Amino acid sequence: MALAFVLAVLSLHDVPVSSLRREALALVGKAGVGFASLALTRDRALAAPPIAVIEEQLGYLPFVDGSGRTMYAPSRVFDNSTPQAIELAKHLKRVGATFYGAFWCPHCRNQRKLFGKEALQLVHYVECDPRGLGHKLGVCTREGIDGYPTWVIGDKRISGERPLADLAALSDFRGVFDPRAEPSAAARSPPGSEPCLPGARLAGR
């Protein structure tokens, strides 16, 4: 039951299907550790705001694992991807591009939204905050990541939120990428916006 619950929580987010079971097993553990919800009692659970409201207000979702440790997952992306966004994501995957970010970072959230939900599943994302689900803090430290989002594409390091057309150009995307075909928010995304800095204090903490 614990494994099923973890899988249900993870499936709310943009965690690739292939990694859902691996992440769930890591959280549940071989001993079958239980998984607790955010609410401590049934009454409080009934009174708790809907997940969508928490997600909208915070931009991420907190949950508690069996050891009582609070972990966080990025907010979901609901918008569908355009065909060219999906092709760009496939290209970025082929060339080994990596998107380093943090679950709480608003620029990372915007970057994720620009791709749309289908394309985002193809993007290699690395969570750098140690409070985040499936974080790879050691990788981020070795790579010298000091702001979010950071894209590493070959020998190029790009800091800050970027329009998809910029990522297409920087990664030598061979197809035609027309920014006018993207949703208006994507077209307006400011190039090279200031990145989020590590060590943010979370809301209410």
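Here is a yes/no grid of residues against (1) of a type in the set (A, V, I, L, M, F, W, C); (2) part of a loop (DSSP other than H, G, I, E, B):
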| site | (1), (2) |
| --- | --- |
| 144 | no, yes |
| 151 | yes, no |
| 157 | no, no |
| 161 | no, yes |
| 167 | yes, no |
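Tell me, which residue of region 175-192 that is in a loop (DSSP other than H, G, I, E, B) and either of a type in the set (Val, Ile, Thr) or modelled with pLDDT of 60 or more (or both) is surrounded by the fewest Cβ atoms within 10 Å (Cβ to Cβ)? So, considering only residues that are in a loop (DSSP other than H, G, I, E, B) and either of a type in the set (Val, Ile, Thr) or modelled with pLDDT of 60 or more (or both), the one surrounded by the fewest Cβ atoms within 10 Å (Cβ to Cβ) is 176. Answer with yes or no whether residue 161 is in contact (Cβ under 8 Å) with a residue 24 or more places away in the chain and more than 20 Å from residue 202 (Cα to Cα). Taking the combined requirement at face value, the residue satisfies it. Of the listed requirements (1) of a type in the set (Gly, Ala, Ser); (2) surrounded by fewer than 18 Cβ atoms within 10 Å (Cβ to Cβ); (3) not in a loop (DSSP other than H, G, I, E, B), residue 96 misses just one: (3).
The values are calculated or read from the model by the stated rules, or taken from the named source; none is laboratory data. On a predicted model such as this, the values are computed, not experimentally measured, just so you know. Ideal geometry is used to build each Cβ from the backbone, glycine not excepted, and the neighbour counts take in all protein chains shown.
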